[in-house]
Amino acid sequence: MSKEVVLDCFGEACPVPLVKAEKALEKLEINDILIVQIDHSCAMKNVPEWARKQGHNVEIEEIDDGEWEVIIEKVK
Amino acid sequence: MKAFFDKIKQNEFYKMWFKDALPYITGAILLSVFQIVTFATTKNPWGVSGVFANWGAWLYQLIGGSVDNWYYFSSPGAQATLEAGIINHGSTWRNIGIIFGALFATLAASGFKIKKLKSYKQVIAASLGGLLMGYGARIAFGCNIGALFSGISSMSLSGWVFGAFMFIGAIVGSKLLVKYFM
């Protein structure tokens, strides 16, 4: 059974969301889902970019004005 | 009205130009073109942070202070700028333009949000970071725009030196950030 972890990064500026996401993903098992909540538009660029480069599955959802969830499925 | 905006949201050109972030290369080209325009029309390279020193001086004069004997403002050029006043200071208008342009960009992408403070540590980190950046930019006679971007684009070696040390500073800063503010 894969688990789902929500990482609240609202109110955090770059590069904090990226560093926190890196650390959180490290602790997860394969097939687990990490949901990074961000409201800093530059993290909207660098968090998905990093996760895709690592080879994970990434989806971005706009949940409100200026708020996004980056959904990362750990694949390896 | 709502139907109209829903239709705009689906428009591919709206998405390309306003909603999604421009690719880095497009941003780089636009910055280059506009800094050339700035240089050609104002005869001065683009700068941002020097303006804040002038704002500080005008604010200080407003409450009765005088910066006439300050080394930073001692050149005839700096004195003339101060005497001409903020209304005639082109760089001030450019900075105001940057602020309103950024506001327009987030509003157009419906990405505007007033962010909450997460902890008192953020306040300390932001104040400390702002003070260090402002102080550093003034004793270096430029920030990453005036000293780095404008320096390098006018073939000045100082821009590259500034860049190298800014890179070192960014590494040290990131390490400190992770260690003390996360």
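The values are calculated or read from the model by the stated rules, or taken from the named source; none is laboratory data. Just so you know, these numbers come straight off a predicted model, no measurement behind them. Glycine gets a Cβ as well: all are built from the backbone with ideal geometry, and neighbour counts include every protein chain shown. The accessibility values were calculated without ligands, DNA or RNA, using every heavy atom of the protein model including side chains. Shrake-Rupley method; radii C 1.70, N 1.55, O 1.52, S 1.80 Å.
Summary table below
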| read-out | value |
| --- | --- |
| Where a residue in the stretch B:112-135 is farther than 30 Å from residue B:165 by Cβ and its partner, wherever it lies, is part of a helix (DSSP H, G or I), with Cβ under 7 Å and at least six apart | B:112/B:106; B:117/B:123 |
| Flag for residue B:103 being exposed (fewer than 12 other Cβ atoms within 10 Å of the Cβ), more than 13 Å from the chain's Cα centre (by Cα) and farther than 26 Å from residue B:34 by Cα | no |
| The stretch B:71-95, residues that are β-branched (Val, Ile, Thr) and exposed (fewer than 11 other Cβ atoms within 10 Å of the Cβ) | B:87 |
| In the stretch B:110-161, the residues that are assigned to a loop (DSSP other than H, G, I, E, B), open to solvent by less than 60 Å² (accessible area, probe 1.4 Å) and either closer than 28 Å to residue B:182 by Cβ or in contact with a strand residue (DSSP E or B) (Cβ under 6 Å, 6 or more places away or on another chain) (or both) | B:111, B:113, B:119, B:140, B:143 |
| Residue in the stretch A:47-57 that is more than 11 Å from chain B (Cβ to nearest Cβ), assigned to a strand (DSSP E or B) and surrounded by fewer than 17 Cβ atoms within 10 Å (Cβ to Cβ) present | yes |
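Conditions tested, residue by residue: (1) surrounded by 14 or more Cβ atoms within 10 Å (Cβ to Cβ); (2) at pLDDT below 90; (3) within 12 Å of chain B (Cβ to nearest Cβ).
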| residue | (1), (2), (3) |
| --- | --- |
| A:3 | no, yes, no |
| A:10 | yes, no, yes |
| A:15 | yes, yes, yes |
| A:31 | no, no, no |
| A:38 | yes, no, yes |
| A:42 | yes, yes, yes |
